[in-house]
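Worksheet for the structure shown next.
The values are calculated or read from the model by the stated rules, or taken from the named source; none is laboratory data. Keep in mind that this is a model prediction, so the values were computed, not measured. Every residue, glycine as well, gets a Cβ built from its backbone with ideal geometry; the counts of neighbours run over all protein chains shown.
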Ligand SMILES: Nc1ncnc2c1ncn2[C@@H]1O[C@H](COP(=O)(O)OP(=O)(O)OP(=O)(O)O)[C@@H](O)[C@H]1O
Ligand code: SF4
Ligand SMILES: [Mg+2]
């Protein structure tokens with residue numbers, strides 16, 4: 001019952017938040033009176049040509065009217081046309097979203113796989129040498145600029161040692177597209193060659209992206225475990241002679257994860273921010289590269305569309321986190 | 001002063017404070033310390049991409065400028081961006097959070113919903129959008145970071161203020177007739193200051209990373225500004241041969257961010273045992 | 001005594017902290033026989049929980065400093081830490097905690113927590129094998145038999161609708177129900193000894209007597225010994241076979257319950273009984289002048305000396321356990337004479 005209420009109230013908030021986001025981003029994108037029509041028309045266009053283009057693109061109307069049109073179009077999934085790819089921005093984004101999501105998921109799996117176990121070990125062996133080393137590593141993981149790490153890893157593993165592909169998502173054609181997730185598609189079509197290629201291409205970008213997230217998860221998990229390890233139920237379970245492994249990896253961990261799960265939204269933010277620059281370094285054909293290209297081209301509408309899409313993804317992730325939370329911590333439903 | 005003592009007793013925090021002190025010193029003394037102070041704008045095409053040696057500690061860049069000197073001057077930009085951007089964010093976010101938390105109600109809720117809008121997108125994404133529109137310059141980077149970072153403080157202060165409001169001493173002050181402004185500034189603010197300070201330290205680190213990323217993407221100061229993020233992106237096409245070119249600014253960023261994070265962790269342990277959670 | 005279940009001899013331990021060494025337990029001697037229900041009575045802070053945790057092996061390791069003595073359970077030294085001790089914990093010796101609210105894991109259903117307990121500690125469990133804890137198998141037939149025992153025991157502690165209860169989370173049931181549950185969980189492994197550390201102080205006064213009565217009944221029906229720590233002499237009187245009194249980390253007097261109330265010999269015990277309100281029950285221990293000594297610098301010998309009217313120089317050495325009657329031991333240089341009518345009877 002209550003779970004549905006939580007979901008509904010979140011969904012209700014989604015709409016005003018999104019509208020707010022559109023308005024904010026729209027005005028940000030238009031604070032400076034640049035003249036996109038002139039840019040598009042090119043250096044040699046005559047004033048009349050520019051004027052015609054301006055009217056055609058709707059840049060001659062008042063800003064609020066442009067906003068109204070934009071929102072109306074957005075409601076039908078139309079984000080306008082990219083100035084440079086000349087394709088609908090929504091299509092561009094939809095085409096690139098799976099690449100970014102695949103990278104982000106791979107990174108989050110690595111981050112969880114590293115962060116949670118190491119966080120538990122760090123807490124259980126509190127103040128030991130292992131703990132000290134892990135803490136130094138996790139602070140370092142949060143201090144490294146991900147684009148720099150990406151470049152250095154790429155230089156070593158690809159350029160120097162030739163162990164991993166230099167950039168991109170796949171060499172060759174890749175698997176037949178079903179979902180747009182190459183790993184998933186190659187499994188679905190049982191295309192082992194593509195699977196190997198896709199995984200190999202994923203490796204460096206995903207690891208780079210995962211490191212700061214892993215550090216964050218490690219720190220949360222460590223703090224969470226320390227918070228519960230002295231609680232009465234651990235004392236009780238220990239006094240009742242349950243195996244230490246069971247107590248730590250099942251009973252303590254689930255409690256500790258509550259605080260970690262509530263932070264997955266934040267971790268996802270860390271990942272997505274990282275993805276923008278990491279993609280740029282590895283030429284990963286996802287949203288990040290698209291955003292960077294749009295920046296270089298001063299393509300306002302494309303950036304606007306990108307920002308809104310990221311906002312939607314972000315809000316949905318937080319919604320999922322909230323729902324997940326009600327499952328992992330039954331007390332929230334009380 | 002026992003606070004300072006305890007801070008320095010914490011090894012990690014002491015290292016952090018040391019790194020930040022070094023950064024500040026380097027930034028101030030850059031013209032004195034730099035062996036080639038002119039190299040911020042001068043170039044020597046005959047000395048392009050020299051590996052590190054006794055003359056050029058960190059080697060030279062694509063223009064033949066001394067990287068060590070440029071890194072030292074880059075510290076100034078880094079500090080300026082971090083201090084101003086975080087300062088402005090605090091100056092905007094704290095009052096908003098304080099007022100929204102203190103008065104609550106639907107107007108407070110609305111303020112928080114407004115900050116939610118900004119938090120609905122990762123900071124760097126909005127900052128990219130803003131910096132892109134305004135054009136590449138240090139000022140615009142600062143503006144973009146401030147405009148996107150204040151909601152973090154608003155959120156934090158809002159939550160802390162709400163928690164404070166129920167406290168007996170706050171109610172006592174209100175009962176004694178203290179004005180709302182007085183209660184907020186003299187009674188609530190000092191009590192949530194430690195949380196703000198901790199966040200500020202960690203926020204500086206995060207801001208430096210975001211600023212560097214903007215620089216890397218070409219949204220920061222235009223060349224020949226010795227901004228660290230931009231330097232790394234310049235170095236890209238000369239890898240792997242000129243490994244030092246990217247290594248020096250990368251390590252500089254790492255050390256400085258590490259300094260703020262370590263200091264933040266230490267401050268958290270000392271000032272606010274309640275917030276033990278460890279994120280950025 | 002060869003038929004003893006639990007023998008604590010000269011147990012001395014404490015905690016090292018910033019302020020120094022807090023010497024909590026000082027030469028504690030105590031014996032329990034199988035099936036005996038013993039009340040461990042003493043003021044708050046006298047070391048009851050510390051003693052209980054020492055037996056259960058859950059004292060905080062970092063600060064703990066063992067000064068000597070032994071805890072023997074049927075010949076096994078419970079101060080050591082090994083496979084033999086692990087096999088006894090939760091199986092031969094179980095535990096009912098003081099606070100049923102925080103002692104169950106909040107994020108697992110009651111059923112899942114009982115399942116894990118039975119998986120590892122059910123009397124039907126054979127040799128475990130060397131499985132990692134999370135992967136250990138739980139055979140189908142044993143699981144079914146265990147489940148039947150769980151339902152039967154939950155009914156025995158008068159929990160209604162046990163099947164439904166198992167699907168609930170701890171926060172969904174009342175404190176009294178939770179403590180019944182803890183009693184059931186303590187009984188399920190069919191132990192020889194239950195350590196119950198103030199099992200009712202966290203509960204509503206109105207149900208305290210019920211819960212204690214239930215514990216008493218089930219324990220004697222099943223022949224399980226219980227060590228019940230309490231500072232309530234009234235309830236100790238009602239449900240215990242024997243009583244051991246502790247003062248500031250020292251055992252001072254032990255006796256079967258009737259003997260204890262008829263002929264208390266230790267000056268501290270006498271003061272305790274005198275400070276009881278007329279009606280039994282609800283007897284909090286207050287009203288003795290003076291303060292409990294500081295564990296960082298306790299008085300030598302008998303720790304009650306600073307508050308004792310009968311104290312003399314001789315009390316600076318800890319008096320030995322002296323028999324006063326059948327099963328009645330007292331540690332005092334100048335014990336109180338037995339009441340006149342008692343001597344007449346003897
Ligand atoms: N880990 C520890 N470190 C230092 N001192 C401790 C520790 N645990 C307990 N003590 C001290 O040992 C003394 C005995 O505590 P204990 O909890 O055993 O008393 P108790 O008889 O169970 O009291 P209560 O009736 O309040 O439960 C107390 O003074 C307590 O402060
Ligand atoms: S008479 Fe001596 S030994 Fe007996 S209780 Fe008093 S002080 Fe202790
Ligand atoms: Mg106790």
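Here is a yes/no grid of residues against (1) in contact with a strand residue (DSSP E or B) (Cβ under 9 Å, 6 or more places away or on another chain); (2) closer than 23 Å to residue C:225 by Cβ:
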residue: C:60; (1), (2): yes, no
residue: C:67; (1), (2): yes, no
residue: C:78; (1), (2): yes, yes
residue: C:97; (1), (2): yes, yes
residue: C:124; (1), (2): no, yes
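When only residues in the range B:9-31 that are modelled with pLDDT of 80 or more and over 18 Å from residue B:263 (Cα atoms) count, which is surrounded by the most Cβ atoms within 10 Å (Cβ to Cβ)?
Filtering first and then ranking leaves B:26.
Taking the stated definitions as given, is residue C:3 surrounded by fewer than 16 Cβ atoms within 10 Å (Cβ to Cβ), touching a residue at least 12 places away in the same chain (Cβ under 8 Å) and either more than 14 Å from chain A (Cβ to nearest Cβ) or more than 16 Å from ligand 3 (Cβ to nearest atom) (or both)?
In short, yes.
Exactly one of (1) surrounded by fewer than 22 Cβ atoms within 10 Å (Cβ to Cβ); (2) touching a helix residue (DSSP H, G or I) at 6+ places or on another chain (Cβ under 7 Å) is unmet by residue A:107. Its number?
Only one criterion is unmet by residue A:107, namely (1).
Tell me which residues, restricted to the range A:75-91, are assigned to a helix (DSSP H, G or I) and surrounded by fewer than 21 Cβ atoms within 10 Å (Cβ to Cβ).
A:75, A:90, A:91 - these are the residues of the range A:75-91 that are assigned to a helix (DSSP H, G or I) and surrounded by fewer than 21 Cβ atoms within 10 Å (Cβ to Cβ).
Looking at (1) touching a helix residue (DSSP H, G or I) at 6+ places or on another chain (Cβ under 9 Å); (2) away from ligand 3 (no atom under 15 Å from the Cβ), which is the only condition residue C:69 fails?
Going through the list (1) touching a helix residue (DSSP H, G or I) at 6+ places or on another chain (Cβ under 9 Å); (2) away from ligand 3 (no atom under 15 Å from the Cβ), residue C:69 breaks only (1).
Of the residues C:8, C:24, which is surrounded by 15 or more Cβ atoms within 10 Å (Cβ to Cβ), away from ligand 3 (no atom under 16 Å from the Cβ) and either part of a loop (DSSP other than H, G, I, E, B) or under 17 Å from the mean Cα position of the chain (by Cα) (or both)?
Numbers: C:24 fails: away from ligand 3 (no atom under 16 Å from the Cβ).
Unique residue meeting the criteria: C:8.
Can you confirm whether the range A:216-227 contains a residue that is part of a helix (DSSP H, G or I), buried (at least 21 other Cβ atoms within 10 Å of the Cβ) and within 13 Å of chain C (Cβ to nearest Cβ)?
Among the residues of the range A:216-227, at least one is part of a helix (DSSP H, G or I), buried (at least 21 other Cβ atoms within 10 Å of the Cβ) and within 13 Å of chain C (Cβ to nearest Cβ), which makes the answer yes.
What do you reckon, is residue B:57 in a helix (DSSP H, G or I), over 18 Å from the mean Cα position of the chain (by Cα) and more than 14 Å from every other protein chain (Cβ to nearest Cβ)?
no
Condition first: within 16 Å of ligand 1 (Cβ to nearest atom) and at positive phi. Can you find one or more residues in the range C:71-83 that meet it?
no
Of the conditions (1) in a loop (DSSP other than H, G, I, E, B); (2) within 14 Å of chain B (Cβ to nearest Cβ), residue A:141 clears all except one; give me its number.
Condition (1) is where residue A:141 drops out.
So in the range C:188-211, with the set limited to residues that are away from chain A (no Cβ under 12 Å), more than 16 Å from ligand 3 (Cβ to nearest atom) and crowded, with 19+ Cβ neighbours inside 10 Å, which one is farthest from the chain's Cα centre (by Cα)?
C:211
So which residues in the range A:144-185 are in a helix (DSSP H, G or I) and crowded, with 22+ Cβ neighbours inside 10 Å, if there are any at all?
A:146, A:147, A:148, A:149, A:150, A:151, A:154, A:182
Within the range C:100-118, is there a residue that is within 16 Å of ligand 1 (Cβ to nearest atom), more than 30 Å from residue C:141 (Cα to Cα) and buried (at least 22 other Cβ atoms within 10 Å of the Cβ)?
Taking every residue of the range C:100-118 in turn, at least one turns out to be within 16 Å of ligand 1 (Cβ to nearest atom), more than 30 Å from residue C:141 (Cα to Cα) and buried (at least 22 other Cβ atoms within 10 Å of the Cβ).
Has the range A:229-236 got at least one residue that is crowded, with 24+ Cβ neighbours inside 10 Å, more than 7 Å from chain C (Cβ to nearest Cβ) and under 25 Å from residue B:265 (Cα atoms)?
no
Among the residues that make up the range C:86-95, is at least one of them touching a helix residue (DSSP H, G or I) at 6+ places or on another chain (Cβ under 9 Å) and either in a helix (DSSP H, G or I) or more than 12 Å from chain A (Cβ to nearest Cβ) (or both)?
No, there is no match, as no residue in the range C:86-95 is touching a helix residue (DSSP H, G or I) at 6+ places or on another chain (Cβ under 9 Å) and either in a helix (DSSP H, G or I) or more than 12 Å from chain A (Cβ to nearest Cβ) (or both).
Please indicate, with yes or no, whether at least one residue in the range C:235-257 is part of a loop (DSSP other than H, G, I, E, B), within 16 Å of ligand 1 (Cβ to nearest atom) and at pLDDT 90 or above.
Within the range C:235-257, the subset part of a loop (DSSP other than H, G, I, E, B) is C:240-241, C:248-249.
Next cut, within 16 Å of ligand 1 (Cβ to nearest atom) only: C:248-249.
From the residues that got through so far, the ones that are at pLDDT 90 or above too are C:248-249.
Yes.
If you go through the range A:228-262 one residue at a time, how many are assigned to a helix (DSSP H, G or I) and free of Cβ contacts under 8 Å to residues at least 60 places away in the same chain?
Going through the range A:228-262, the residues assigned to a helix (DSSP H, G or I) turn out to be A:228-229, A:232-239, A:244-262.
This time we only want the ones that are free of Cβ contacts under 8 Å to residues at least 60 places away in the same chain, so: A:228, A:232-239, A:244-247, A:250-251, A:255, A:259.
Adding up the residues that qualify gives 17.
Under the condition of being within 6 Å of ligand 1 (Cβ to nearest atom) and under 21 Å from residue C:261 (Cα atoms), which residue from the range C:14-50 is nearest to the other protein chains (Cβ to nearest Cβ)?
C:48
Yes or no: the range C:41-51 includes at least one residue that is more than 16 Å from ligand 2 (Cβ to nearest atom) and within 24 Å of residue C:181 (Cβ to Cβ).
The answer is yes; a qualifying residue exists.
Count, please, the residues in the range C:27-50 that happen to be within 16 Å of ligand 3 (Cβ to nearest atom) and more than 18 Å from residue C:192 (Cα to Cα).
The qualifying residues number 11.
Residues of the range A:116-134 being at the interface with chain B (Cβ under 10 Å from one of its Cβ atoms) and either over 24 Å from residue B:201 (Cα atoms) or in contact (Cβ under 8 Å) with a residue 60 or more places away in the chain (or both), which ones?
The one that is at the interface with chain B (Cβ under 10 Å from one of its Cβ atoms) and either over 24 Å from residue B:201 (Cα atoms) or in contact (Cβ under 8 Å) with a residue 60 or more places away in the chain (or both): A:119.
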